[in-house]
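Reviewing the structure listed below.
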Amino acid sequence: MRYIELMLMPGFMLLMLLQALNGQKLPEGAGNSIRQRTYDIVHFKADLEFDLHAGSLAGEVEVTAKLLTPAASITLDAYYLDVSSVSIGEDRTPLSFDSNTHQLLIELPRAYQPDELFTVAVAYTASPKAGMMFQSDWADTSRIYVHTYGEGGMHANWLPIYNDINDKFTSEMIITVPAPNVVISNGSLVEEYETGTSRTYHYRQEKVHSNYLIALYIGEFEKGSLESAFGEIAINYWVPAGRLEEGAYAFRNTTRMVEHFSNLLGYRYPWVKYDQIAVPDYAVGAMEHTGVTGHRSSVLRKPGENAPLDFGGPEFTEYSTDWSAEATISHELAHHWFGDNLTCASLGYIWLNESFASYMMMLWDEESLGPEQLDYDVLLAKRHYTEYVSTEHIIRPLEYHYYDAPSDIYNEEHTYLKGGAVLHMLRNAMGDAAFFGGLQHYLQEYEFDNVVSADLQKALEESSQLDLDWFFDEWVTGGGHPQFEVTYSYHQQAGLIELIVTQVQPQVEGQGLFQLPVDITISAGGKRWTEKIRVSQADEHFMLKSATKPDMVSFDGDGALVAEVFFDKTASEWAYQAANDALAGRFRAINSLATDYPKAPETNRTFSHILGTNAYWADQAEVASLLAHLDEKNGLKLIKRALKNTDYRVRKGAVLALGQLTAPAARKLLARVVKSESHPDVLATAINHSANSVRLDHLNSKAWYNEIAIGALERLNGLENAAGLAQVAAMATGPYNVHVRLAALGAWVEAAPDSVGQLLFVLNDKDAHGPHYVPPGWKGS
Ligand SMILES: [Zn+2]
């Protein structure tokens, strides 16, 4: 339909649209390359004592290294460390050194030759503000948790170290903390002992890894154990005191995941253990240190709590997210093959870590929930990626070296979502045996090493004997994606379908024409079959045999391609496809019916049928979320039906549709959902979409991660009574998770803009989740 709409558009609008499309471009930024090393660290050992309430550490690091070229000095990365002495060798001969805010230059006693091993010891103190965080527990502010996050070169904030990813070494952590805190780090626990009120933990990581994968977690954690993987690899989880039941439930599938990924890749999980830690307010969602993953505590959930599948925080705009808790757990685990074992040589190749972990999380869904869930995950990833391209006009190749900040290259829509979908396309193009066999070869060939994209291509080609130049050119070092406009006509007498395929994506630097195999699914005369075509030109005609007029001609109905497809079809053709195609084709049909034929009887009939049968949950949820497109009478009738569905995601889709409607009957129905809905996530979404239904008692509703309170706080437009304002102020500063505090701050600003000075006081407070701060004159809650 899009092609026809273009033709009907007034000229100036067409011009604007074309300009917007042609605005697609490669992102700009400084050129980055693999950092040139002058030395090679062999072993890294830290012996540190912590003062948790002061947020500081003191101790010594021993760096065992050899030079790569002869020199009489070595420079370590060291950010804002207070270095007191540097020495060398077992007799600790003092060395002269010079340190500034970012580097520690150490003068060696003489010129050292390459391969001559030496050990320098650095004594220092640090009060890190990045890389290592000291945070009080929002549930009990007397407890301090320490967590680490090293991606993007952060660990030099607490360790004098080589701070890039292209050096691998073994590591050792001897960490002393006040009891009853525990310490979790990489590798095996060598020993643990108490001295007075202090505890010391000694961990050793025997297999090499990059600096950013060093883990250090300190806190009053309790440990739970799952069944070991393959009867050998210990699988543990660590949670804040009192939350073991939630940990056992959240992480219950980890052992199965470790075994599944090991079997699927033909390469066993290579580390001695796997520890997962739930940290209150972890700096990012989660981080895959070697053998240790830190998660935000939103990963935790109680059995029977009816928590949504989501992980990162409540989601009020979509019925499903890319990042379920289970997906996050499998993503971080997958890094233990792609990232921790094989590590990209520089951030320009970060797709070799992140796109793989993102596809592996979809592969866990395939294993645990079935192949349609994989299809749905790929579809959702592509949807979010193409939405990003159409709004931001950025087309970034997966391998890309021009960026100013690491955060640019970690772009979720490209590196994670598109990257995962690109690997799914590669799997489809190669076939399962060649794809997974190639990955096994890649893992074996480059284990414990740094890699670039060419290493992957070489391994896949060696193993499969396929030529993959075309794929890597278009999808790894090339950017963008094809936009196909497709139509067909049937020539009765010749018994031929004439399929016309046009590539309409802007031809700009970084994005050209694509050469791709495409599956065309045809249903005709009671039969169904697939024709394979290969597109390569801007405008192509394909003649496909069909003795009878087809009921369905579906272009990439399996959703194998990273592409946008605009197929011009009648309502009855879409209705047939919605009932008969694979998931991606069904979704294309459902969306085309809603947007192009909202008033057609076929649309009402199709949607009614999908909601009335045991169709796949995602079809039902997608239909529910699109019901605002229909006319009011049919739309509301079907919304009511969707609200009775047993899957909460379908009801959530219906609530999202209701939220778009302004008719009094729709507003009334939404208010009724707020009164009667039992699932906290659907209720929170309904509250979030209906300002008039928010009640102050929603702020106290019990739910996973306080999501009902968050839904309500975001909708408390201009509080009128002082009691409410006091409660919101208390929530902004009190013992709540970060999403609650931010939503409460937002509500506070909106309700009492005059109190900005007081808000700044709260925000500047060193411990923002310290004691309740209640503004003068307001009653406490
Ligand atoms: Zn990741």
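So here's what we get for this one:
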{"item": "Surface per residue (accessible, 1.4 Å probe) for the range 531-596, Å²", "result": "38 Å²"}
{"item": "List 369, 611, ordered by accessible area with a 1.4 Å probe, largest first", "result": "369, 611"}
{"item": "Residues in the range 344-377 that a label on residue 35 would reach, taking backbone N under 20 Å of a point 7 Å out along Cα→Cβ", "result": "344-354"}
{"item": "Residue among 249, 80, 642 farthest towards the positive dipole end of the chain, charges placed on Cβ", "result": "642"}
{"item": "Hull volume in cubic angstrom per residue (convex hull over the Cα atoms of the range 67-219)", "result": "135 Å³"}
{"item": "Inter-centroid distance (Cα atoms) of the range 549-575 relative to the range 629-648, Å", "result": "26 Å"}
{"item": "Reference-scaled alpha-carbon Rg (2.2 N^0.38 Å with N residues) for the range 589-718", "result": "1.06"}
{"item": "Degrees separating the helix 583-596 axis from the principal Cα axis of the chain, which is the longest one", "result": "60 degrees"}
{"item": "Added length on full extension, which subtracts the Cα-Cα distance from 0.36 nm per residue, residue 249 to residue 448", "result": "68.4 nm"}
{"item": "Gyration tensor over alpha-carbon atoms, the range 368-498, equivalent ellipsoid semi-axes in Å", "result": "29, 23, 16"}
{"item": "Accessible area in square angstrom per residue, the range 255-302, 1.4 angstrom probe", "result": "22 Å²"}
{"item": "Dimensions (Å) - the range 588-637, Cα atoms, principal axes, largest first", "result": "24, 23, 17"}
{"item": "Projected label distance in nm at residue 90 and residue 228, using a 7 Å step from Cα toward the beta-carbon", "result": "3.5 nm"}
{"item": "Span per principal axis, largest first, for the Cα atoms of the range 173-330 (Å)", "result": "52, 39, 28"}
{"item": "Within the range 399-479: Cβ-based charge dipole about Cα centre, in debye rounded to nearest 20 (Lys, Arg +1; Asp, Glu -1)", "result": "240 debye"}
{"item": "Within the accessible area of the range 607-729 (1.4 Å probe), percent carbon and sulfur", "result": "49 percent"}
{"item": "Cβ-Cβ FRET estimate between residue 100 and residue 387, R0 fixed at 35 Å, reported to 0.05", "result": "0.20"}
{"item": "Selection from 181, 212, 201, by position along the positive dipole direction of the range 178-222 (Cβ)", "result": "212"}
{"item": "³J(HN,Hα) computed for each position of the range 662-677 - Karplus, 6.51 cos²θ - 1.76 cosθ + 1.60, integer Hz, glycine/proline x", "result": "10, 4, x, 4, 5, 5, 5, 5, 5, 4, 5, 4, 4, 6, 10, 5"}
{"item": "Full-stretch length increase - residue 125, residue 549 - with 0.36 nm per residue and alpha-carbon distance subtracted", "result": "144.8 nm"}
{"item": "Normalised alpha carbon radius of gyration of the range 241-300 [divisor 2.2 N^0.38 Å]", "result": "1.21"}
{"item": "Karplus-derived 3J(HN,Hα), 6.51/-1.76/1.60, for each residue of the range 651-659, Hz, glycine and proline x", "result": "5, 5, x, 5, 5, 5, 5, 4, x"}
{"item": "With Cα atoms, 0 to 90° folded angle of helix 722-733 axis to the chain main axis", "result": "60 degrees"}
{"item": "Contour minus Cα-Cα distance for residue 614 and residue 540 (0.36 nm per residue)", "result": "22.7 nm"}
{"item": "At R0 = 60 Å, FRET efficiency that the Cβ-Cβ distance of residue 466 and residue 56 yields, to 0.05", "result": "0.60"}
{"item": "Accessible area in the full protein assembly, largest first, 1.4 Å probe, for 501, 749", "result": "749, 501"}
{"item": "Cα-Cα pairs of the range 129-186 separated by more than 18 Å (percent)", "result": "45 percent"}
{"item": "Along each principal axis, Cα extent of the range 113-155, largest first, Å", "result": "54, 24, 13"}
{"item": "Heavy-atom accessible area order for 558, 281, 82, 140, largest first, 1.4 Å probe", "result": "82, 558, 140, 281"}
{"item": "Folded to 0 to 90 degrees: helix 453-464 orientation relative to the chain principal axis, Cα", "result": "60 degrees"}
{"item": "√(5λ) per eigenvalue of the Cα gyration tensor, the range 55-150, largest first, Å", "result": "33, 13, 12"}
{"item": "Label-point gap, in nm, between residue 407 and residue 646 - each point 7 angstrom along Cα→Cβ", "result": "4.5 nm"}
{"item": "All-pairs Cα distance distribution in the chain, expressed in whole percent, bin size 20 Å", "result": "15, 43, 34, 8, 0"}
{"item": "Carbon + sulfur, % of accessible area of the range 471-600 - ligands and nucleic acids excluded, 1.4 Å", "result": "50 percent"}
{"item": "Fraction of accessible area attributable to carbon and sulfur, the range 333-403 (%, probe 1.4 Å)", "result": "50 percent"}
{"item": "Intensity falloff of the range 249-371 expressed as log10 I(q)/I(0), Debye formula with alpha-carbon point scatterers, at q = 0.15 Å⁻¹", "result": "-0.68"}
{"item": "Euclidean distance of C-alpha centroids, the range 176-199 and the range 263-316, integer Å", "result": "23 Å"}
{"item": "Förster-model FRET efficiency, 41 Å R0, residue 678 and residue 530, C-beta, rounded to 0.05", "result": "0.40"}
{"item": "Partners for residue 168 among lysines (Cα-Cα distance below 26 Å; same-chain residues under 8 apart left out)", "result": "45, 66, 129, 207, 273, 458"}
{"item": "Positive-pole candidate from 670, 530, 287, dipole of the chain, charges at beta carbon", "result": "670"}
{"item": "Rg to Rh quotient for the range 422-549, alpha carbon positions, Kirkwood Rh", "result": "1.08"}
{"item": "³J(HN,Hα), Karplus 6.51/-1.76/1.60, whole Hz, each residue of the range 435-446, x for Gly, Pro", "result": "5, 6, x, x, 5, 4, 4, 4, 5, 5, 5, 10"}
{"item": "Antiparallel bridge percentage (DSSP; both residues within the chain; nearest 5)", "result": "80 percent"}
{"item": "Only Lys, Arg (+1) and Asp, Glu (-1) charged, at Cβ; the range 98-230 dipole about Cα centre in debye", "result": "140 debye"}
{"item": "Solvent-accessible area per residue for the range 620-756 (1.4 angstrom probe, square angstrom)", "result": "40 Å²"}
{"item": "Electrostatic dipole magnitude of the chain [Cβ: Lys, Arg +1; Asp, Glu -1; Cα centre; debye, to 20]", "result": "2940 debye"}
{"item": "Cα-only Debye scattering, the range 539-608: base-10 log of I(q)/I(0) at q = 0.12, 0.15, 0.27, 0.29 Å⁻¹", "result": "-0.33, -0.50, -1.25, -1.34"}
{"item": "MRE, 222 nm, helices only [DSSP H, n ≥ 4, -39500 (n - 2.57), over the chain, to nearest 500]", "result": "-10500 deg cm²/dmol"}
{"item": "Residue 275 long-range amide H proximity, modeled H, under 5 Å", "result": "236, 292, 293"}
{"item": "Residue 607 accessible area, assembled protein chains, probe 1.4 Å, Å²", "result": "0 Å²"}
{"item": "Rh by Kirkwood over Cα pairs, then Stokes-Einstein D for the range 630-694 at 1.567 mPa s and 4 °C, µm²/s", "result": "114 µm²/s"}
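The values are calculated or read from the model by the stated rules, or taken from the named source; none is laboratory data. Fair warning: this is a prediction, and the values are worked out from it, not measured in the lab. For neighbour counting, all protein chains shown are included, and Cβ atoms are generated from backbone atoms with ideal geometry for every residue, glycine included. Side chains included, ligands, DNA and RNA excluded: accessible areas come from the protein's heavy atoms. Shrake-Rupley method; radii C 1.70, N 1.55, O 1.52, S 1.80 Å.
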